[in-house]
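Read through the structure below, which is laid out as C-alpha cells, and then see the notes.
No lab work stands behind these numbers, since they all come straight from the coordinates. Quick caveat, the model's predicted, so the values are computed rather than measured. Reconstructed Cβ throughout: ideal geometry from the backbone, glycine too, with neighbour counts over all protein chains shown.
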Amino acid sequence: MSHQHRADDALANPVIPGFHPDPSVCRVGDDYYLACSSFEYFPGVPLFHSRDLVHWTQIGNVLDRPSQLRLPVGVPSSGGIYAPTLRHHDGRFWLIVTKVSEGGGNLLVTATDPAGPWSDPLPLPDVPGIDPDLAWDEDGACWCTFAGVGQIRIDPYTGETYGPPRRLWSGGPGAKAPEAPHLYRIGDHWYLLIAEGGTERGHGVSIARGSAPTGPFEPCPANPILTHRGTDHPVQNTGHADLVQAPDGSWWMLLLGVRPGGGTPGWHVLGRETFLAPVTWVDGWPVVGEVELHLPTPPWPLAPHRAEAPRDDFDLGELRPSWISLRDRPAEHCTTEERSGWLTLRARGGSLDEPDVVFVGRRQQHLACRARALVDPAEGRGGLAVRLDEQHYYEIEASATEVRVLARVGPLRTLLAERPVSALPLVLGIAVGAPPAPHDARTGPDVVSLGVEEPDGTFTVLATLDGRYLSTEVAGGFTGRVIGMYAAEGTLHFDWFEYEPQAP
Ligand code: 6LW
C-alpha cells in the first residue's frame, strides 16, 4: 500500500458516502452495479456503476416514475422503500425490494440497461417479510430468501409462489434481527449470508453453507464473520453486506457502516454509508478483511472517474439522479421549464414538517461541507434546509422582505434569527464542520451554521447549531441527512445550488 494512495481521498472508504444503506451489488463483465435503500424519498433506489469497486457513479434511480413508486402523503420518514437485492441473470437485471408503506409489500422490477428504464413493478403478495433476495439454482428455479430468515420459491416472471415459506436459519444464538439474507452458489456450496444483531452498534454479518439452496445450512464456526461491536473502530454498525467477485478472481464485500462522531455515545449524521472490504477464503469460508478508511490500492488499475460538478446550474431539462424529493416530484411543483436555467419550486404544503412540503435535496456526503444556493423569493417563501426527518431539521428561508433561521428538534420548533432582506435574489448557505474545541464526553458530532452571503461574497452566519439533533441517535430511524431546497409558500426560483466538501 503506497503512501501516495493512502493520502488520496479518492481511495477512501466509504466508497459511497452519505445515506446509502443496504448495498446490493452485482457484476457483469467488467462492470459493477450497486443499489441502495431510499425510504421516503423519490425517485427510489439509487443505482450506481463502477469499474473498480472504489469509484461509483450514480447512473439513475430504479423507481423513477409514479407508475413504479407512489408514496402517498403521510408516508413517514423511514417508511417507503427498504433494502433491494440487485442481480443479473438470463440477460437482464433483476431488482427485488420491499415497500413497507400502505399498498406495499415485496416487488420485482427488471431492466436490460441498469441505467433504465426499469419495468413497472411485479407485486409479490405471497412473499412475506422484508429484505428479499433472489437466487437461481442449476435447474432454473428462483429462490426468494427474506429476513427472519425464510425462503419461498417464486416464478419471477409471474410472481407466483410454490409452497409455503420455509424457515431456513436464524443466525447466531441470541442475536436479534436475522435479516438481509443473500444466497450464493460458490464452488461446491450454497452460502447464506445474513446480517444480525440489529442495524445499530451490535450489527454484524454471519454466514452458513449447505449443499442445496434450500439448506440445511451449517453455520460458519467463525461467525460473526464481520462485526465492529464493542470496538473503537471509526466505522461502526457494520453489517447488511453483499459479496461480489472481481474479474481477477478476488472477492469483495460491500456493506453498510456508520461514522459516529463527538463524545459519548457518538452520533452519526450521514446515515448508513456503503463501505468496501476485501474477502479471502479459508477452508471454504469467507474471511472479511479490515474495513479501512483509506483503501489499499486495488489489484487492478483504477478506472477514470468523473465526479459530479459541485454546482448545479439547472441548465439541463432533467434533474441529476442525485436529487431526491420527499415522496413525489410532480412537475407542477418542481420544474426547470418555467424559468430557463432555474429550478422552480411551487409550494403546496407549508413548512418542512408538513407532509406535502415541496423539497428537493441531495444527501450530505461529507463530514464537513458547504451548500449554497442563489434564490429568488420574490413570489414566495422558502430556502435551504438540512433534514434528517420531518421532526429534525434546520432551515434558512427567505421571503421578499426577510431571512429567517428556524430549527425543529422533536416537538420543538424555534425561530433562531431573522434579518431584513437588502437585495434580491440572494445567496443562502449552510456550512457543516467540526465542533469547536475543547472537546469533552458531551461534545456533539459537528456544528451546522446557517447564513447569508453578502454582496461582497463574505458569509454572515445567522445561527450555529449543534449537529447532534440531526443525527440518527437522536431522531431514530434508518435515514441520514439530506441538504436541499424547499418552498414553504408561493413560488421559489433557484438559479443554482452548490455543494462542496470542506476539509474536516
Ligand atoms: C433493512 C434491514 C436493515 O431492511 O435495515 O441494516 C433495514 N439492515 O436489513 C432498513 O434499511
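Taken as Cα centroids, segment 439-467 and segment 44-65 sit 32 Å apart, rounded to the nearest whole angstrom.
The trypsin sites (Lys or Arg not before Pro) of segment 315-374 that DSSP puts in a loop, and whose beta carbon has at most 15 other beta carbons within 10 Å, are 339, 348. About its Cα centre, segment 24-288 has a charge dipole of approximately 560 debye under the convention of +1 per Lys or Arg Cβ and -1 per Asp or Glu Cβ, with nothing else charged.
Going by neighbour counts of Cβ atoms within 10 Å, the residues 340, 399, 50, 78 line up, fewest first, as 340, 78, 399, 50. In this simple spin-label model, placing a label point 7 Å from the Cα along the Cα-to-Cβ direction at both residue 112 and residue 337 gives a separation of 2.9 nm.
With the charge dipole of segment 24-288 set up from +1 on Lys and Arg Cβ and -1 on Asp and Glu Cβ about the Cα centre, the Cα lying farthest toward the positive end among the listed residues 136, 106, 262 is that of 262. The length gained by stretching the chain between residue 222 and residue 460 to full extension, at 0.36 nm per residue less their Cα-Cα distance, is 80.2 nm.
Stretching residue 437 away from residue 353 to a fully extended chain increases their span by 27.0 nm, per 0.36 nm per residue minus the current alpha-carbon distance. Placing a pseudo-label 7 Å from each Cα along the Cα-to-Cβ vector at residue 500 and residue 308 gives an inter-label distance of 1.7 nm. Neighbour counting of Cβ atoms within 10 Å sorts the residues 25, 375, fewest neighbours leading, into 25, 375. The helix-only estimate of mean residue ellipticity at 222 nm for the chain, built from DSSP H runs of length n ≥ 4 each weighted as -39500 (n - 2.57), is 0 deg cm²/dmol after division by the residue total.
Measuring r between the beta carbons of residue 31 and residue 67 and using R0 = 25 Å, the FRET efficiency lands at 0.35. A simple spin-label model places the labels of residue 162 and residue 57 4.1 nm from each other, with each point 7 Å out along Cα-to-Cβ. Other residues lying with their Cβ under 14 Å from the Cβ of residue 187 contribute a combined charge of -1, Lys and Arg counting +1, Asp and Glu -1. The fewest-to-most ranking of 113, 376, 242 by surrounding Cβ atoms within 10 Å reads 113, 376, 242. For the chain, the calculated P(r), taken from all Cα-Cα distances in 10 Å bins from zero up to the bin holding the longest distance, is 4, 20, 30, 26, 15, 5, 1, 0 percent.
The string of couplings for segment 392-404 from the Karplus curve (6.51, -1.76, 1.60, θ = phi - 60°) is 9, 7, 10, 9, 10, 10, 10, 10, 5, 10, 8, 10, 9 Hz, one whole number per residue in order, with x for Gly and Pro. Between 357, 42, 178, the Cα set farthest toward the positive side of the dipole of the chain (charges on each charged residue's Cβ, about the Cα centre) is that of 178. With a Förster radius of 22 Å applied to the C-beta separation of residue 320 and residue 424, the computed FRET efficiency comes to 0.25.
Here the Karplus curve 6.51 cos²θ - 1.76 cosθ + 1.60, taken at θ = phi - 60°, turns the phi angles of segment 120-128 into couplings of 5, x, 8, x, 10, x, 9, 9, x Hz, with x standing for Gly and Pro. Net length available on complete extension from residue 89 to residue 10 is 25.3 nm, with 0.36 nm assigned per residue and the Cα-Cα distance removed.
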